[in-house]
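I have placed the structure first, in the form of structure tokens, so that the comments after it can refer back to it.
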Amino acid sequence: MKIKLFALSLCLVAGLGQMHAQSSSKYSSSQRNEFRIGYSDGLTLSTASFWGMGIGDALVGTGRQDQTGTGVFGLGYRYGINRFRVGLDLGFASVSSKYDYAESKQKDIKETQLNFIVMPVAELTYYRKGIVELYGSVAAGIDLTNIKEKGLTEAGKAHADTKGRTTTDFAFQVNPIAVRVGNDHIGGFLEAGVGTKGFLTAGVSLKF
């Protein structure tokens with residue numbers, strides 16, 4: 001068994017070495033810097049926020065409605081070396097809702113949650129031909145959340161937390177399937193996965 005594992009390891013190392021040698025020409029590009037602008041559905045973030053609000057409402061007996069989320073607007077930077085890219089993603093999102101205070105018959109307070117996401121990213125390109133490039137990515141970082149309230153009625157103005165509060169949570173994103181279509185200067189991308197930003201991300205990619 002040990003001999004078989006050793007032989008398999010040798011084959012794997014040899015295969016990786018050959019793949020790396022081929023990648024230096026197949027995946028290399030003179031444009032190593034890449035800037036991205038994108039939009040994500042933000043379903044994971046908004047769903048988690050709404051669940052948290054619902055639990056809080058159940059505990060204190062408040063009612064909530066008009067729950068809306070903007071999705072996640074993103075900015076990103078990548079630096080590429082052959083098949084690999086590393087960089088940073090920034091995300092901005094907003095979730096808002098209205099709720100009543102002390103069983104009021106009208107909604108007294110509007111709560112707004114602003115999310116600022118910072119995640120270092122690593123990517124691997126596993127196929128490139130012509131204008132089509134397939135890759136996968138993994139990212140992990142933090143989600144800074146600021147929550148403020150605005151009173152809509154006299155009762156709401158008296159009890160709203162206008163100063164707000166800020167929390168810090170773990171953020172992540174794993175996109176095993178992603179495609180970029182374009183040349184070495186401009187293109188569009190679509191990423192599918194799961195994480196803080198949601199399930200689908202689309203945007204524009206600029207290389208320089």
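Some values worked out for this structure:
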read-out	value
Hits in segment 127-158 (condition: in contact with a Gly (Cβ under 7 Å, 6 or more places away or on another chain) and touching a residue at least 40 places away in the same chain (Cβ under 8 Å))	ILE131
Any hit, segment 144-164, residues being open to solvent by 40 Å² or more (accessible area, probe 1.4 Å) and acidic (Asp, Glu)	yes
Number of the exception - GLY195 against (1) more than 21 Å from TYR79 (Cβ to Cβ); (2) small (Gly, Ala, Ser); (3) touching an Asp or Glu at 6+ places or on another chain (Cβ under 8 Å); (4) touching a residue at least 60 places away in the same chain (Cβ under 8 Å)	(3)
Residues within segment 159-177 that are in contact (Cβ under 8 Å) with a residue 24 or more places away in the chain, out of contact with any Leu (no Cβ under 9 Å at 6 or more places or on another chain) and more than 24 Å from VAL194 (Cβ to Cβ), tallied	1
1 or more residues within 26 Å of GLN67 (Cβ to Cβ), modelled with pLDDT of 95 or more and of a type in the set (Phe, Trp, Tyr): qualifying strands (runs of 3 or more DSSP E) within segment 107-206	109-129, 165-182
Count - residues of segment 72-101 that are of a type in the set (Gly, Ala, Ser) and surrounded by 20 or more Cβ atoms within 10 Å (Cβ to Cβ)	6
Selection from segment 165-195 of residues that are loosely packed, with under 15 Cβ neighbours inside 10 Å and within 21 Å of ARG32 (Cα to Cα)	VAL181, ASN183, ASP184, HIS185, ILE186, GLY188
Residues located in segment 47-85, provided they are at positive phi and either at pLDDT below 65 or part of a strand (DSSP E or B) (or both)	GLY61, ASP66, GLY71
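The values are calculated or read from the model by the stated rules, or taken from the named source; none is laboratory data. Because the structure is predicted, anything quoted here is derived from the model rather than measured. Neighbour counts are summed over all protein chains in view; Cβ atoms, including those assigned to glycine, are modelled from backbone coordinates with ideal geometry. For accessibility, only protein heavy atoms count, side chains too; no ligands or nucleic acids. Shrake-Rupley method; radii C 1.70, N 1.55, O 1.52, S 1.80 Å.
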